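The values are calculated or read from the model by the stated rules, or taken from the named source; none is laboratory data. Predicted, not measured: the structure shown is a model, and the values here were computed from it. Quick reminder, even Gly has a Cβ in these numbers, built from the backbone with ideal geometry, and neighbours come from all protein chains shown.
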Amino acid sequence: MDQFGRRVGLESLRGKVVLLTFLDPVCTTQCPIIAQEMKAADRLLGPRTASRVAMVAIAANPVYRSTEVLRSFDRQERLGSLSNWLFLTGTRKQLERVWAAYGIEVQVVPGGAMVAHNDIAYVLDASGRIRWILNTDPGPGSAATRASFGALFVEYLTRVLGPSS
C-alpha cells in the first residue's frame, strides 16, 4: 500500500516507466539524499515526460514501516509536490518477499532504529521488466556525489522512455 493507505501493485503501474528504490523512512543519512535525487530527476524530466514515469520507493525498515512514518518522511523531504511519487509499505512478510525478489538485504542496526540496506535503484520499462539496475549509494557525502546521480536517473529513464522523451 502507498503512503496514504491505497493498495498499489506493479501491475497498476503498467504503461509507466518506473524508477524503483528502497528507503528507510527513519534514515538520516543516505535515504534522504536518494529521495532528493529522485525529486531532482523528476524536475529534470519536466512535467510532460515525468507524467510517463512513476517514482517509487519501498520501505526498507521492518520496524518503522507504517503509513504515518512514510508520510512523515515525505513531509520532511518535501516529496508531496511530486504527483508521480509513491512510497510503499506492507506487512513485514510482504516487505520481506519484495526485498528478496529485488535482492535487498535489510539488517536492523543494533542500538538504533535505522537499518542497513543496499542502495539500489531499478528502472523498469512500461511492461514491468527490469531494464537497468543502478547503484544509488551517494558515497562519502561530497558535493560531487550528491549532485551526480539525479542526472544519471534521468539518463536511464529517458533511455527506456525512448526518443519521444
Among the residues of region 82-134, which ones are in a loop (DSSP other than H, G, I, E, B), hydroxyl-bearing (Ser, Thr, Tyr) and farther than 22 Å from residue 66 by Cβ? 83, 127
Members of region 110-165 that are at pLDDT below 75, β-branched (Val, Ile, Thr) and under 30 Å from residue 9 (Cβ atoms): 115, 136
If I filter region 62-69 for residues that are crowded, with 19+ Cβ neighbours inside 10 Å and closer than 19 Å to residue 122 by Cβ, do I get at least one hit? no
Those residues of region 1-54 which are among the charged types (D, E, K, R) and in a loop (DSSP other than H, G, I, E, B), in sequence order: 2, 6, 7, 14, 16, 24, 52
Go over the candidates 94, 107 one by one and state the one that is surrounded by 14 or more Cβ atoms within 10 Å (Cβ to Cβ) and free of Cβ contacts under 8 Å to residues at least 12 places away in the same chain. 94
Is it the case that some residue within region 78-101 is touching a Ser or Thr at 6+ places or on another chain (Cβ under 6 Å) and not polar (S, T, N, Q)? no
